[in-house]
Amino acid sequence: MHVTHPDGLPAIDAYQRVCGARPTLVRRGRPESGLCLYRWGIKPVREALVPRIREVTLTVHLGGAPRVRAFTDRGLTRRYSRPGDITLIPRGQSIRWLVDGGADFATIHIPVTSAAYFEDPTLDEVLGLTECLFAFRDDYALASTKALIQSADAAGELDRRYTSRVLEALAMHVSRVLKFADAERVRLSQEHREMPPAFPAAPDFHRLAAMIDRRLGDPLTVHDLADFAGLGRSRFCDVFTAHFGISPHRYILRLRIERASHLIRSGAKSMTTIAYETGFCSAAHFSTAFKTCTGLSPNAYVKKGRANAEKSCDARPPATDPSLLAQ
């Protein structure tokens, strides 16, 4: 018979549902403290919903997806969680992550029963937390987590004492984090039935194209475009390519070369100035990209004239130098 706890699932059950596997590593403190650490790996996904769990959870982003966000009651978080970042999640609340990839992370769990073990009123603030502290840096928490991961399995008494004391120190440190962490403090969305407000079926392509045109001279990345459209990176690339017929990289490159061609024909600016004004990091990169698209170097384009040089970028293979555009 399945019994649902009013405050949610035990942490290990909730995260096993999300990851589809058992934790790759487990570290437990003294039984009376109830503290534990799990390490998890999640396969590439767009989103991951962690159901409500009973414990306060400290999530440590170890690796994988470089820009992870969460859904709040006002939309997506402004910040991104990157490897090395910490997120503190209140007990009894679910969290939906926008991952857009795979991730390696650890979770440290602080149960209600730990209050009686520690006999410290500062821990009551942690257990009574209502806001999520999202994506902050904390050297102590990160170093402690890595130390627990790298430590030997607690087979001997010394190993068990080491694991317990590091976990206990980490739990007490969390009460300090509440006051001093430079975190984005948000209320997590608890409505997970549908995603249309945060993920429109298709972005406003006219508005998107206008933004690209305005920022053509800037270091424009696919992540910038995806954020502007309100989509994850993978989903954005799919809908962009379906609409325009070419990838975002090729689209931006084509526009940059077209603008550069116009500026070259005007004869008013040097090649170096044109390179920077059209978003290339140097005159050399500009020259390579221009020749890849048109079949002529910028100087040859000037010499041969417009008639022989107007060739479609789409008729040529894409540039192979990844540094031509920001990834």
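The values are calculated or read from the model by the stated rules, or taken from the named source; none is laboratory data. Fair warning: this is a prediction, and the values are worked out from it, not measured in the lab. Counting neighbours? That spans all protein chains shown, and the Cβs are built from the backbone with ideal geometry, glycine included.
Overview of values
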{"read-out": "Hey, residue 103 of a type in the set (A, V, I, L, M), on the phi < 0 side of the Ramachandran plot and at pLDDT 90 or above or not", "value": "yes"}
{"read-out": "Identity of the residue in the stretch 116-135, among the acidic types (Asp, Glu) and under 17 Å from residue 183 (Cα atoms), that ends up modelled with the highest pLDDT", "value": "131"}
{"read-out": "Filter result for residue 88 (assigned to a helix (DSSP H, G or I) and buried (at least 20 other Cβ atoms within 10 Å of the Cβ))", "value": "no"}
{"read-out": "Hits in the stretch 109-168 (condition: loosely packed, with under 13 Cβ neighbours inside 10 Å, within 28 Å of residue 80 (Cβ to Cβ) and hydrophobic (A, V, I, L, M, F, W, C))", "value": "143"}
{"read-out": "Unique residue being in the same structural domain as residue 158 (by TED's automatic domain parsing) and in contact (Cβ under 8 Å) with a residue 40 or more places away in the chain when the list is 67, 17, 22", "value": "67"}
{"read-out": "Qualifying residue in the stretch 277-285 (condition: out of contact with any strand residue (DSSP E or B) (no Cβ under 9 Å at 6 or more places or on another chain), modelled with pLDDT of 85 or more, in a helix (DSSP H, G or I) and among the aromatic types (Phe, Trp, Tyr))", "value": "no"}
{"read-out": "The stretch 227-272 - residue that is of a type outside the set (Gly, Ala, Ser) and in a loop (DSSP other than H, G, I, E, B) and, of those, surrounded by the fewest Cβ atoms within 10 Å (Cβ to Cβ)", "value": "269"}
{"read-out": "Residues being among the charged types (D, E, K, R) and assigned to a loop (DSSP other than H, G, I, E, B) - total across the stretch 10-57", "value": "6"}
{"read-out": "Members of the stretch 213-226 found to be part of a loop (DSSP other than H, G, I, E, B) and either closer than 24 Å to residue 75 by Cβ or at pLDDT 85 or above (or both), listed by number", "value": "215, 216, 217, 218, 220, 221"}
{"read-out": "Within the stretch 92-185, helices (runs of 4 or more DSSP H) holding 1 or more residues that are acidic (Asp, Glu) and either within 19 Å of residue 23 (Cβ to Cβ) or in contact (Cβ under 8 Å) with a residue 60 or more places away in the chain (or both)", "value": "157-180"}
{"read-out": "Only listed residue being within 24 Å of the chain's Cα centre (by Cα) and exposed (fewer than 15 other Cβ atoms within 10 Å of the Cβ), chosen from 218, 213", "value": "218"}
{"read-out": "Matching residues, the stretch 107-142, being under 16 Å from the mean Cα position of the chain (by Cα), over 13 Å from residue 175 (Cα atoms) and not charged (D, E, K, R)", "value": "134, 135, 136"}
{"read-out": "Test result for residue 144, at pLDDT 95 or above and over 25 Å from residue 29 (Cα atoms)", "value": "no"}
